[in-house]
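Novice: I am attaching a structure below and will ask some questions about it afterwards.
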Amino acid sequence: MTILRSYSTAAELPAAWNGIAAGNPFLQRDSLNILEDVNPCGQRYYLAGEGTEGSIAVTYRHKLNVLTFWRSQGIRIPVTVIGCPLSVGEPGYVFGDAASGMALRHHLATLAGITLVLNAEAGASWPGWNDGLTLPGCRLVLPADGGMSTWLASFRSSYRRRIRQAQSRWEGVAASRLLPSEFGLDYYALYRSVWQRSAFQLECQPVDFFQRFPARITGFKMQGHALGFIQTVRDGGTLYFLFGGMDYALRDRYDVYWNLLLAVIAEAFEEGCHTVELGQTAELAKQRLGGQLVARHLHARHANKAVNKGLRMAARCLSYRPPEGGVHVFRR
């Protein structure tokens, strides 16, 4: 029989947890500890099995707009989310061996109220749960040979011209890596501005998060005025674009968003990364820089059979609808 344990704080998690979570920096104990401090939202942690072959999951409480993916204001209802309490595209679970994975899924299905799995990977098995789509991730795979100039040369002329146009508007902008204490309210206001305009709002992180979370933050200023920033996390050969902020009043003049994305990609080349996880919003701009959409699923369930049947009928209607067609930016 598989042993299942639950914990109310990340400080209680055993040493085996980090081994199971290897490959997902947002599920590491240190990251979860910080998130508990700066964004407490009823987190709980589950571990099934023994050793590094076990399975883990993180849950938290959130009032979710049920029409989020329709870009509409709707009713906010309390749900238990299986995911990282961080609005990132990585799942909040890791399944190890078959027995522990099955035991953990069975337990999560018994949680009271509505339970929602966010950012589940395509092909992951959640039997008995109602399936839908959430925002896709956008992944950029960098070429194994050559640097950023070689990568830029591989674009079709119209897309390369668009990149050069953005770069020309960025001339004179000063970039600086920020110490945690240097992330002040001017940069935080830019993050809040982006969050408030987001059609798919989840957690809004407090300023303490940016000052404490183990990430790299680069700020961009023109003559002392903050235009934007990027926050990134490197894990092995992968660079994650976590959060950013920008001055919307100057967005078009300096092509701020495109240049923030280009700064993330430039950092990945500098760090020798082979993959850039660009996040789950503004997918068209990211596709025009070579990103490829990665499907992410949501799974919903209620322990009450009648309510669960209603969720089954609603899941397809309320899930994200991906755009039609693709973007082909590279020369063949």
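Novice: Go through [x] 41; [y] 34; [z] 45 and flag the label whose value is the computed percent of Cα pairs over 29 Å apart for this structure.
Specialist: [x]
Novice: Let me ask another. Give, as ranges by residue number, the residues of the range 1-31 whose backbone N falls under 12 Å from the point 7 Å along Cα→Cβ of residue 52.
Specialist: Within reach of a label on residue 52, which here means backbone N under 12 Å from a point 7 Å along Cα→Cβ, the range 1-31 contributes 16-23.
Novice: Okay, moving on. Using DSSP to call loops (not H, G, I, E or B), can you name the GluC sites (Glu not before Pro) in the range 1-58 whose Cβ has at most 14 other Cβ atoms within 10 angstrom?
Specialist: Within the range 1-58, the qualifying GluC sites (Glu not before Pro) (loop, at most 14 other Cβ atoms within 10 Å) are 50.
Novice: Within the set of other residues whose C-beta is less than 13 Å from the C-beta of residue 270, count the net charge using Lys and Arg as +1 and Asp and Glu as -1.
Specialist: Charge balance near residue 270 sits at +1.
Novice: To continue, here is another question. Each label point is 7 Å from the Cα along the Cα-to-Cβ direction; what then is the distance between the points at residue 111 and residue 307, in nm?
Specialist: Spacing of the two 7 Å Cα→Cβ label points: 1.3 nm.
Novice: Additional query: 7 Å from Cα along Cα→Cβ at both residue 234 and residue 330: what's the point-to-point distance in nm?
Specialist: 2.3 nm
Novice: Can I ask one more? Among 133-140, 170-177, how do they line up by average Cβ neighbours within 10 Å per residue, starting with the highest?
Specialist: 133-140, 170-177
Novice: Something else now. Nearest 0.05, what FRET efficiency do residue 12 and residue 185 give at R0 = 35 Å with Cβ-Cβ as r?
Specialist: The value I calculate is 0.55.
Novice: Let me ask something else. Between residue 76 and residue 171, what's the calculated FRET efficiency when r is the beta-carbon distance and R0 is 35 Å? Round to 0.05.
Specialist: In this case the efficiency is close to 0.20.
Novice: Apply the Karplus parameterisation 6.51 cos²θ - 1.76 cosθ + 1.60, with θ equal to phi minus 60°, to every residue of the range 108-114 and state each ³J(HN,Hα) to the nearest whole Hz, in sequence, with x for glycine and proline.
Specialist: 4, 6, 9, 5, 5, x, 7
Novice: Using R₀ = 51 Å, calculate the FRET efficiency as 1/(1 + (r/R₀)^6) where r is the Cβ-Cβ separation of residue 282 and residue 4; round to 0.05.
Specialist: Here the calculated transfer efficiency is 0.85.
Novice: Could you work out how far apart the two model spin labels at residue 122 and residue 196 are, taking each label as a point 7 Å from the Cα in the direction of the beta carbon, and quote it in nm?
Specialist: 3.7 nm
Novice: Compute the distance from the alpha-carbon center of the range 1-33 to that of the range 171-219, in whole Å.
Specialist: Measuring centre to centre over Cα atoms gives 27 Å.
Novice: Between the alpha-carbon centers of the range 252-274 and the range 128-148, tell me the distance in whole angstrom.
Specialist: 17 Å
Each reported figure results from applying straightforward, stated rules to the coordinates on display, with no laboratory input. Remember, predicted model here, so these are calculated numbers, not experimental data. Note that we place each Cβ from the backbone using ideal geometry, even for glycine, and neighbour counts take in every protein chain shown.
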